[in-house]
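Down below is the structure, laid out as structure tokens.
The values are calculated or read from the model by the stated rules, or taken from the named source; none is laboratory data. From a predicted model like this one, the values you see are computed outputs, not experimental measurements. So basically every Cβ, Gly included, is an ideal-geometry build from the backbone, and we count neighbours across all protein chains shown.
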């Protein structure tokens, strides 16, 4: 596990700076405090750098890594879990591997298969591989985006890094807001496209590689969810019998957990009260015995049932359990750190809690497994059921709703006030979902996936946005940014469309990025067994009627031999923070001051509307929790990186 950086001169004029590469590495020291390494190409067209967090082959796999004749050079961030099998096969094919680690396999796979190497990798990664003979650079990100890679091109120089903050070391690096993306951030709570809110910085999307030379750039898609043309063919021939299918889910998850336990340093588990992390703990315990588990909770007037359930699960499996209970003031300081650690605004309060949990966990272990992914693969979210109903209703009850849309749009402005009232307070929860079906299909899906009307709505956009942002919103930039996600996600079966939308929106744009940033901020590696390619590709082929029979039906049935009934049959609970009570009480002054004093917010929003929004929320006239959290993350991000409009 590392952080990588580099510069490539697309014009072949020898302008890549060694000094800049070293400064970029220093900016991400936290990703790899165990050492660094650099590669300076002879003509000065390429500089590579990395920071290392030593996990596998601790003493023998310092980077850069090279092939036999040193014509290939690699810097690599991540883990290749099937490296032992790959090493055995490559050795049999005549390759001479010099280390005992996992990263070196990438070099020899490239020698053997070229840019078709990806289908052999089971792991998480972002890497830069230089082919000196062909004078071309291959940049790549794993199939699902567990490891990020950011790009910035300027004057024929391409800079790349694991985190945006490294790109800011270059002269003239962007610190300006990319305004066309702002509405999509405020709509979803996270950026949804390859573009970032830093003007000029983009992200290499999951499942993609970029091949660069002085002849140009070629984008290669090596994996896409549920696309037979871009998957690895690891799940052909699934059984049709339900019992056999449940057995196959159990087998593949057990195999994935075993692969993810390969490490030369101690590891543990992030444990919540849910079935996903409990399943991971059960399977881990069968391999390693006593597991170190780590749970986060909150100091609040009400009992924290998630902490109690996690504690009970840990006791059941004999784990050595650790807890961190967060106070409001600690969470606020964590939020400020999170704004810098994440690189991009991201309104995910659970990620702040994970950041604070990672701080404690990193004192004990270097690696943790997590249960992220069970909901996404096995139908655990409300969207898995709501989206099929929405698609089915577009031509039925959607037609009946359309004549009433003017009234519903007028009512939107009152939703935040209605939320404070009893009885009618439920209307803002249900009316937007009714209205979605009255829109064209793609817009309906975009609004449903962003909870439009529940967290933010058009009436408040029209009130709040300044002139430039208002123009950008009305030009349809958010619909345009979301259109490729819809195109990648549409399936004949609406239930499969819902699954693909969750993966291509929430998972790739939010959850995985957040997990990487907050754990690596404390030099902690997070591994996600649910996203092994063999398990992912199997989940994409599961019969939707069986997958959605009940909440995570197939996963629960597969884990029935391993988990106690009280853990399997407990209803799903969201992992959240007592954000509403903290916002309105302990953190009120911090939040008011940050929002009202933010130069960026004052520039892109109407000052009087912003003041009214804040005042109406804190005087309990209206309820704007979600929107305030999104604005707060935006303001803290702009402050952390000195971003201007």
Qualifying positions in the range 312-336 - out of contact with any strand residue (DSSP E or B) (no Cβ under 6 Å at 6 or more places or on another chain) and either crowded, with 19+ Cβ neighbours inside 10 Å or under 17 Å from residue 363 (Cα atoms) (or both)
313, 317, 328, 331, 334, 335
Which numbered condition in (1) over 27 Å from the mean Cα position of the chain (by Cα); (2) modelled with pLDDT of 95 or more is the only one that residue 446 fails?
(1)
Please state which of the following conditions residue 114 fails to meet, knowing it meets all the rest: (1) in the same structural domain as residue 211 (by TED's automatic domain parsing); (2) within 30 Å of residue 10 (Cβ to Cβ); (3) buried (at least 23 other Cβ atoms within 10 Å of the Cβ).
(3)
Quick check on this structure: which one of 631, 601 is crowded, with 19+ Cβ neighbours inside 10 Å and either in contact (Cβ under 8 Å) with a residue 40 or more places away in the chain or farther than 18 Å from residue 463 by Cα (or both)?
631
Out of all the residues in the range 137-181, which are out of contact with any helix residue (DSSP H, G or I) (no Cβ under 9 Å at 6 or more places or on another chain), closer than 27 Å to residue 603 by Cβ and at pLDDT 95 or above?
153, 176, 178
Of the residues 534, 558, 540, 609, only one is modelled with pLDDT of 95 or more and within 25 Å of residue 503 (Cβ to Cβ); which?
558
Among 369, 394, the single one that is touching a residue at least 40 places away in the same chain (Cβ under 8 Å) and under 16 Å from the mean Cα position of the chain (by Cα) is 369
Please go through the range 18-32 and pick out each residue that is under 14 Å from residue 517 (Cα atoms) and touching a strand residue (DSSP E or B) at 6+ places or on another chain (Cβ under 7 Å).
28, 29, 31, 32
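Each row is one residue, and each column tells you yes or no for (1) assigned by TED's automatic domain parsing to the domain that holds residue 254; (2) out of contact with any strand residue (DSSP E or B) (no Cβ under 6 Å at 6 or more places or on another chain).
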| site | (1), (2) |
| --- | --- |
| 537 | yes, yes |
| 544 | yes, yes |
| 569 | yes, yes |
| 606 | no, yes |
| 620 | no, yes |
| 625 | no, yes |
| 633 | no, yes |
| 645 | no, no |
Looking at residue 405, is it surrounded by fewer than 23 Cβ atoms within 10 Å (Cβ to Cβ), in contact with a strand residue (DSSP E or B) (Cβ under 9 Å, 6 or more places away or on another chain) and part of a helix (DSSP H, G or I)?
no
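One line per residue, one yes/no per condition, for (1) closer than 18 Å to residue 388 by Cβ; (2) in a loop (DSSP other than H, G, I, E, B); (3) assigned by TED's automatic domain parsing to the domain that holds residue 378; (4) touching a strand residue (DSSP E or B) at 6+ places or on another chain (Cβ under 9 Å):
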residue	(1), (2), (3), (4)
444	yes, no, yes, no
454	no, yes, yes, no
479	no, no, yes, no
484	no, no, yes, no
492	yes, yes, yes, no
497	yes, no, yes, no
503	yes, no, yes, no
509	no, no, yes, no
Residues located in the range 295-311, provided they are in contact with a strand residue (DSSP E or B) (Cβ under 9 Å, 6 or more places away or on another chain) and either surrounded by 21 or more Cβ atoms within 10 Å (Cβ to Cβ) or more than 22 Å from residue 559 (Cβ to Cβ) (or both)
295, 296, 297, 298, 299, 304, 310
Please work out if residue 601 is farther than 18 Å from residue 502 by Cα and part of a loop (DSSP other than H, G, I, E, B).
no
Output the residues belonging to the range 182-225 that are at pLDDT 95 or above, surrounded by 20 or more Cβ atoms within 10 Å (Cβ to Cβ) and farther than 21 Å from residue 125 by Cβ.
182, 183, 184, 185, 186, 187, 188, 189, 190, 197, 198
Selection from the range 1-51 of residues under 20 Å from residue 148 (Cβ atoms) and part of a loop (DSSP other than H, G, I, E, B) yields 1, 28, 32
